[in-house]
Structures are given as C-alpha cells and as structure tokens.
Amino acid sequence: MFYTYAHVRNDTGQIFYIGKGTGRRMYRKEARNNHWHNVVAKAGYSPLLLANWKTEHEAYEHEKLLIQCFKGLLVNQSLGGDGNDASGGFS
C-alpha cells in the first residue's frame, strides 16, 4: 500500500514537506534535501499521514496535487510524482 504524507514543523504546526511513501518512509530522515534538514534542526518535525492509495500512480498524483496546493511553503525541490526530491523543479 502507498500513502501520501506531510511533515509538520513542531514550532509552528505548518506543513513544510509533502511526500509519497510505503512502509516507514514518512519517519525516515535519510534521503532528504539540505533545506529539509535545516528546518528539522531548527524546529523539529512530526509526520502526518494524509491518505492511503492502492497504486503508486494514485499516490504520485496526490503528491503532485498537494505540492501545487502548498507551493511556496514547502522545502520540496521537485513538483512531485518522480520519487526524487532533488530533481530540481520549482523554487
């Protein structure tokens, strides 16, 4: 099963990252960009499960939609749907 998730700043409660994963991905700190690590070092974070999906495609599509909705507030470095946070997408 696939899911979409958010990381929320512990100091403000603001969502700063949107992702897609399986298993324990939303809890893992590895394979994150430097901006993500800077926010976590300053504020801490809490993972938040947003939705469960039967297929990876559905999860990717939801991830892309959420990234567009929260654009400008996120440390994500891509538009989503590619499984690679460091692919470069928007600023």
What angle, in degrees between 0 and 90 and rounded to the nearest 10, separates the Cα long axis of helix 34-43 from the longest principal axis of the Cα atoms of the chain?
-> 60
Per residue solvent-accessible surface (Å²) - the chain, probe of 1.4 Å | 57
Expressed in square angstrom to the nearest 10, the accessible area of residue 8 with a 1.4 Å probe stands at 30
What are the lysines whose alpha-carbon lies under 23 Å from the alpha-carbon of residue 42, with same-chain residues fewer than 8 places away excluded?
-> 29, 71
Within the accessible area of the chain (1.4 Å probe), percent carbon and sulfur | 51
Residues of segment 1-39 with amide N under 11 Å of the 7 Å Cα→Cβ point at residue 46 | 8-14
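Provide 26, 1 ordered by accessible surface of protein heavy atoms (probe 1.4 Å), highest first.
These residues rank, largest area first, as 1, 26.
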First obtain the Kirkwood hydrodynamic radius of segment 6-78 from its Cα pairs, then insert it into the Stokes-Einstein equation at 25 °C and 0.890 mPa s, and state the resulting D in µm² per second as a whole number.
-> 194
Trypsin sites (Lys or Arg not before Pro), restricted to segment 23-85: which are DSSP loop and have at most 12 other Cβ atoms within 10 Å?
-> 24, 28, 29, 54
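The values are calculated or read from the model by the stated rules, or taken from the named source; none is laboratory data. No experiment lies behind these values; they were computed from the predicted model shown. All Cβ positions, even for glycine, are placed from backbone atoms using ideal geometry, and neighbour counts span all protein chains on display. These accessible areas exclude ligands, DNA and RNA; they are computed on the full protein's heavy atoms, side chains included. Shrake-Rupley method; radii C 1.70, N 1.55, O 1.52, S 1.80 Å.
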